[in-house]
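Visitor: Below is one structure. I have some questions about it.
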Amino acid sequence: MVELIDNTLQFSVTLIACVGAGILYSKSREQAYFLLTCFLGTFSLGTLYWTLHVLLFNYSPQVFYVSELTWIASYLFLLTLEHVLSTPEERKFKHPAVWLVPIICIPQLGLYLTHGDILFNLLICGQTMAAAWYSVRGLLYARRQSGKPRDRQFFHIAVLSIITLEYCLWTTSCFWVSDTLTNPYFWFDFLLTAALFMLLPATRKAVEG
């Protein structure tokens, strides 16, 4: 029951954010809003499939399935969005702190490979590591700027929050406690839902900056 409520809430919130991003795109024709719409839309579709599967069959899918494909697609859109919002100067910026991303993520990938589908974990962890790498670099670069360009840091913070919470979700799913609120998995997923919604105003701030 908790999982169904959790997934329904996440689908509803991401769908609302997707519609909001679509409205911003229709008004401004900014490519960033189009990519954000695609990210939120594909992510919400993956959640919808998962929710319907749990509702109709009363258990979570156990194999490489539709939701995983849509989530892989969603992170491709997120990576493209990060590239579109970056500047040539940001892409050339280098900082040793970005190496913390693979140092933290690769051991987690090893854990996930022992508990789930190998192909999906390689793809999704590769994408999220790349997204985190770009956001750490972008955040450090934005904090060195002044004025409007500094506002881009909120976008990178939102992306890093999403990636961090995803890894927390995947880790807790490897050590499933229960189907109740005593399971930290659900609390991380509630936070992920909030972070996904906050990506909308963060992206708007980055575009306007």
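Visitor: So what's the net charge close to LEU140: Lys and Arg +1, Asp and Glu -1, counting the other residues with Cβ under 10 Å from its Cβ?
Guide: Around LEU140, the surrounding residues sum to +3.
Visitor: How long are the semi-axes of the equivalent ellipsoid of region 125-169, defined as square roots of 5 times the Cα gyration tensor eigenvalues? Whole Å, largest first.
Guide: 22, 10, 6
Visitor: Still on this structure, please answer the following. Amide H to amide H, which residues 5 or more places from TYR65 or on other chains are under 5 Å from it, using H placed in the peptide plane?
Guide: Residues meeting the criterion, in which the H sits 1.01 Å from N, do not exist here.
Visitor: Between helix 2-28 and the chain, what is the angle of the helix's C-alpha long axis to the longest principal axis, kept within 0 to 90° and rounded to the nearest 10?
Guide: Here the helix axis deviates by roughly 30 degrees.
Visitor: Exposure proxy check: SER12, SER67, SER135 ranked by fewest other beta carbons within 10 Å?
Guide: In order of increasing Cβ crowding within 10 Å: SER12, SER67, SER135.
Visitor: By the scheme Lys and Arg +1, Asp and Glu -1, what is the net charge of all other residues having a beta-carbon under 14 Å from that of LEU196?
Guide: Combined, the nearby Lys, Arg, Asp and Glu give -3.
Visitor: Still on this structure: Over what distance in Å are the Cα centres of region 1-54 and region 96-149 separated?
Guide: First find each Cα centre; the distance between them is then 22 Å.
Visitor: Using only Cα atoms, tell me the angle between helix 100-113 and the longest principal axis of the chain; keep it within 0 to 90° and round to the nearest 10.
Guide: The helix 100-113 is inclined about 20 degrees to the chain.
Visitor: Do the sum for the chain: with -39,500 (n - 2.57) for every DSSP H run of n ≥ 4, divided by all residues, what is the mean residue ellipticity at 222 nm, to the nearest 500 deg cm²/dmol?
Guide: So the calculated ellipticity at 222 nm is -27500 deg cm²/dmol.
Visitor: With angles folded into 0 to 90 degrees, how steeply does helix 118-143 sit against the dominant principal axis of the chain? Use alpha carbons for both and round to 10.
Guide: 30 degrees
Visitor: Evaluate the relative contact order of the chain (contact order divided by residue number), counting alpha-carbon pairs under 8 angstrom at least 6 apart; express in whole percent.
Guide: Relative contact order comes out at 24 percent.
Bear in mind that the values in this text are calculations on the coordinates, not laboratory data. Since we're looking at a predicted model, the values are computed, not measured. We place every Cβ from the backbone using ideal geometry, glycine too, and count neighbours over all the protein chains shown.
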